[in-house]
Amino acid sequence: MRPTGPRMNERIRITPVRLIDENGEQAGIVETPDALRQARDLGLDLVEMAADSRPPVCRIIDYGRYKYEQAKKDKANKAKTKVSELKEVRLGRSMKIDPHDIGIRMKQAKKFLLEGHKVQIVMQFRGREMAHRERGNERMRGIIADLEELGKLETHPRMAGRRMSVILGPDKRKIEAYRRKMVKEGKKTEEQDEELAKQMAAIAKADEAADLTEINEGSDQPTDATDATDATDATESPAETPKDVEETTKSADSNDS
């Protein structure tokens, strides 16, 4: 198997090399066998750090420890790199939502923006609320104005069936300014608010229960147009009484005579 990683020790064929000693100091241009001898005397490795340079740059280090430290740095850098996601925040199941609940959901949206995520705000219209969509537009404008303190509008409000939605993305400059303002005022940002997590968990649980109730109520309704028609006919057409049968029989006998 072909060795991977930088050339080291006897695999370094070019001579001379520009040497960096065990203390990280420049040792000048050194013949490769001499550099390797110094590394061996210290119980360390001679590692080629810049192969394309002429002469190549080599360093005397403990290569095993060096690889370990590099892996730690790479892991730390990866942890700092946040993956942006699209987070959905629903404003309840209809326009009839308590202002206090809206406030909590807006805090959640700000938390997502502070964490570097995009946010989709969704507002649901039910029944006759579709006839008053201007109220929904007005509410959505207020929400956008509130969230633009941290983000930027990416899609304007649009309707899809009974749902109105809008997407905002994080704005790094605004977020940094917001963080400085909160620190100056001695306040916590939404991502530091431990109470917010509890409030959102309670709201999510209530939304889930409401959705389940709606599904159950829907299952009680006729699922087929024929079923609905049969149910209507059964309601509107009462069963014949014995008297009705007798009158029908007499009418038939008169016609025969």
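Could you grab me the full set of residues in the stretch 122-155 that are under 16 Å from L86 (Cα atoms) and surrounded by fewer than 18 Cβ atoms within 10 Å (Cβ to Cβ)? V122, K152, L153, E154, T155, listed by residue number. Out of R162, R135, R180, R141, one residue alone is modelled with pLDDT of 90 or more, closer than 20 Å to G92 by Cβ and not aliphatic (A, V, I, L, M). It is R141. Among the criteria (1) touching a Leu at 6+ places or on another chain (Cβ under 8 Å); (2) over 23 Å from E176 (Cα atoms); (3) not assigned by TED's automatic domain parsing to the domain that holds R37, the one D62 does not fulfil is (3).
Of the residues V83, V119, V89, V166, which single one is within 23 Å of the chain's Cα centre (by Cα), farther than 30 Å from I12 by Cβ and surrounded by fewer than 16 Cβ atoms within 10 Å (Cβ to Cβ)? Let's see the steps before the verdict.
On the way: V119 fails: surrounded by fewer than 16 Cβ atoms within 10 Å (Cβ to Cβ); V89 fails: surrounded by fewer than 16 Cβ atoms within 10 Å (Cβ to Cβ); V166 fails: surrounded by fewer than 16 Cβ atoms within 10 Å (Cβ to Cβ).
Of the residues listed, the single one that is within 23 Å of the chain's Cα centre (by Cα), farther than 30 Å from I12 by Cβ and surrounded by fewer than 16 Cβ atoms within 10 Å (Cβ to Cβ) is V83.
The values are calculated or read from the model by the stated rules, or taken from the named source; none is laboratory data. Keep in mind the model is a prediction, meaning the values are calculated, not measured. Quick reminder, even Gly has a Cβ in these numbers, built from the backbone with ideal geometry, and neighbours come from all protein chains shown.
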